[in-house]
There are 2 protein chains.
Amino acid sequence: MREFELISRYFKGRGITRKDVKLGIGDDAAVMNVPENCQLVVTTDTLVEGVHFFKDMSPRALGHRALAVNLSDLAAMGAEPAWISLALTLPHADIDWLEEFTAGMHEIAEYFNVQIIGGDTTQGPLTISICAKGTVPKDKALTRSGAKNGDWIYLSGPLGDAGLAIEAHKGRFDVRPENLAKLKQRFEYPNPRVAAGQVLRNLASSCIDISDGLLADLKHILSMSMVGATINVDKIPVSQALAESLTEDERWPFLLAYGDDYELLFTVPEDKKGMLDLSLRQYGVEAVCIGQIKGTEGQIELLNQGEKFTFVGQGYQHFAEE
Amino acid sequence: MREFELISRYFKGRGITRKDVKLGIGDDAAVMNVPENCQLVVTTDTLVEGVHFFKDMSPRALGHRALAVNLSDLAAMGAEPAWISLALTLPHADIDWLEEFTAGMHEIAEYFNVQIIGGDTTQGPLTISICAKGTVPKDKALTRSGAKNGDWIYLSGPLGDAGLAIEAHKGRFDVRPENLAKLKQRFEYPNPRVAAGQVLRNLASSCIDISDGLLADLKHILSMSMVGATINVDKIPVSQALAESLTEDERWPFLLAYGDDYELLFTVPEDKKGMLDLSLRQYGVEAVCIGQIKGTEGQIELLNQGEKFTFVGQGYQHFAEE
């Protein structure tokens, strides 16, 4: 199949059509209108076979996940997602695979009203790189650098499920089938916190999406905001599927150092705490307070039931073996 | 080396800083101001080792070329380039390679005043995917769909040099060293026609950059504009290096079906012909008229010295072997 037929067959004319897209797939570049008084927000995430997903992952899940992890970055900025560029490198043009992959991607794209405006299809080892674009009202973007002493630290949902799905797939943990199905769902079809991110624009002082693990990503907030933190590890929300699958000791690496669930980690000033619960619950998000910004700059103090707690481990790092 | 150190060492704080970038590398996403009364223009191009470049290509050239081919797409839209997202997949973090690669990319980025605003560094087979963003005054983007009967067809410069460099590298043609150096330069360090593209905004009726070969890319204009064309193949500009290396018969595939030089192909209405030469020459571009829009929709008639000419061949296609 020729590249151009391939592109037009699976992408052109599919999915939603946004009015702000003046020229979509089919020219040298796409042309869009950015709303007045808004800034452009841009993020890029790449998934490589064997590094970010297993060879046997379903192409539909892959299409979903590849877009979801990008939308999660936009959510962490409080941005409204709008346009997607897809760089898809494939070993060969497999029709069945493409049908499923694009179906998975179009489903989540439609749900969040984002349009695939272009990209590039090339031959090579399976790699999916997406550049997602969104908009945010001028100077309203959530960053990693606004946390202040005394702010409360929140999570948008339970952690560790996706990580346990990966480890169970590797055969390192035995998980009951019905629980494994739930955990796998969290890895394959992560739900980016897009609406929550936009609500947080007026409430949070800093925000990040957890892609490298709670501690690793919290450290990004601490270093950019020049503050320290105390985390009550017993307050970190845990799904029933994870709780039933692991002993308490086994849980910690999944809660503290696995990042594939794409929940938001954010800080909220004392005077906005009340407003927060009310606002997020409307969007089905049960945010949980897990600690507070305080203490020595760059340091994280961990407490378990009020007692000092030690955890040795770290987030996921590419090239970490070198 | 850890991914984060790697990113910050080679990208953060390097290169130019544009005032319209409110938040660059280092947060979940970048934030930019789009100028008022301008539209956003977005393109994506991926280079895969072994498919788009040879394993022995110098990393500096690769850094240049990866960005150049993207800027060429923006040029073909008449856009002013502004911001770059880089998805870089590397088998391992090789310091020397990264030094050279980023130097090559920063050089051309600086020259065209574009800022690398973010990206993703992942481990895997060498793949460079860039999403380039630029701006164009509202409704002024050059497209492939505006060519009209009677418009003249132009090229921004000679074709085939990069193609001959590739074929000589494969050992299929013998080229004198001094000529090979010139041809290689055109493949490794293509010069995107960024200024020319912006000048053409007010002159050309359609435009495309030649990445798949003159005939293949002309066909894109013809099908989008619903017109036909006559091309005088003897008018296609040829570099001295190519002329000295090939017989006339050997030239045709390079001139008509190789696309790696990234020249612009565009159409100009009769009443803007005079203005064109004057305007482009200021930017060192000697545009050459090679034909006219006329005849049957979608058809290309080739003439050599006024005589009917037949060429059987096609542009470069990924997956073409299937």
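The values are calculated or read from the model by the stated rules, or taken from the named source; none is laboratory data. These numbers were taken from a predicted model, which means no experiment stands behind them. Backbone-built Cβ (ideal geometry, glycine too); neighbour counts: all protein chains shown.
Residues in the stretch A:275-316 that are under 23 Å from the mean Cα position of the chain (by Cα), modelled with pLDDT under 95 and under 19 Å from A:MET224 (Cα atoms): A:GLN314, A:GLY315. Across the stretch A:247-281, what is the total count of residues that are surrounded by fewer than 21 Cβ atoms within 10 Å (Cβ to Cβ), in contact (Cβ under 8 Å) with a residue 40 or more places away in the chain and of a type outside the set (A, V, I, L, M, F, W, C)? Final tally of qualifying residues: 8.
Taking the listed residues B:GLU100, B:GLU178, the one that is away from every other protein chain (no Cβ under 11 Å), farther than 30 Å from B:ASP20 by Cβ, among the charged types (D, E, K, R) and more than 21 Å from the chain's Cα centre (by Cα) is B:GLU178, with no other qualifying. How about the stretch A:47-75: which of its residues are among the β-branched types (Val, Ile, Thr) and either at pLDDT below 95 or surrounded by fewer than 22 Cβ atoms within 10 Å (Cβ to Cβ) (or both)? Scanning the stretch A:47-75 gives A:VAL48, A:VAL51. For the stretch A:95-118, the condition holds for at least one residue, the condition being that it is touching a residue at least 12 places away in the same chain (Cβ under 8 Å), among the aliphatic types (A, V, I, L, M) and assigned to a strand (DSSP E or B).
Please work out which residue is nearest to the other protein chains (Cβ to nearest Cβ), limiting yourself to the stretch B:76-93 and to residues that are surrounded by fewer than 24 Cβ atoms within 10 Å (Cβ to Cβ) and not in a strand (DSSP E or B). Looking at the filtered set, the residue picked out is B:ALA93. Among the residues making up the stretch A:123-161, those that are over 23 Å from A:THR267 (Cβ atoms) and either more than 14 Å from every other protein chain (Cβ to nearest Cβ) or in contact (Cβ under 8 Å) with a residue 40 or more places away in the chain (or both) are A:PRO125, A:LEU126, A:THR127, A:ILE128, A:SER129, A:ILE130, A:CYS131, A:ALA132, A:LYS133, A:THR135, A:ASP161. So, B:GLU244, is that one crowded, with 16+ Cβ neighbours inside 10 Å and not hydrophobic (A, V, I, L, M, F, W, C) or not? Spelling it out, it is not the case that B:GLU244 is crowded, with 16+ Cβ neighbours inside 10 Å and not hydrophobic (A, V, I, L, M, F, W, C). Taking the stretch A:205-215 as the range and being among the hydroxyl-bearing types (Ser, Thr, Tyr) and part of a loop (DSSP other than H, G, I, E, B) as the test, the residues that pass are A:SER205, A:SER211. Among the residues of the stretch B:47-55, not a single one is of a type in the set (Val, Ile, Thr), farther than 19 Å from B:ARG144 by Cα, under 15 Å from the mean Cα position of the chain (by Cα) and not in a helix (DSSP H, G or I).
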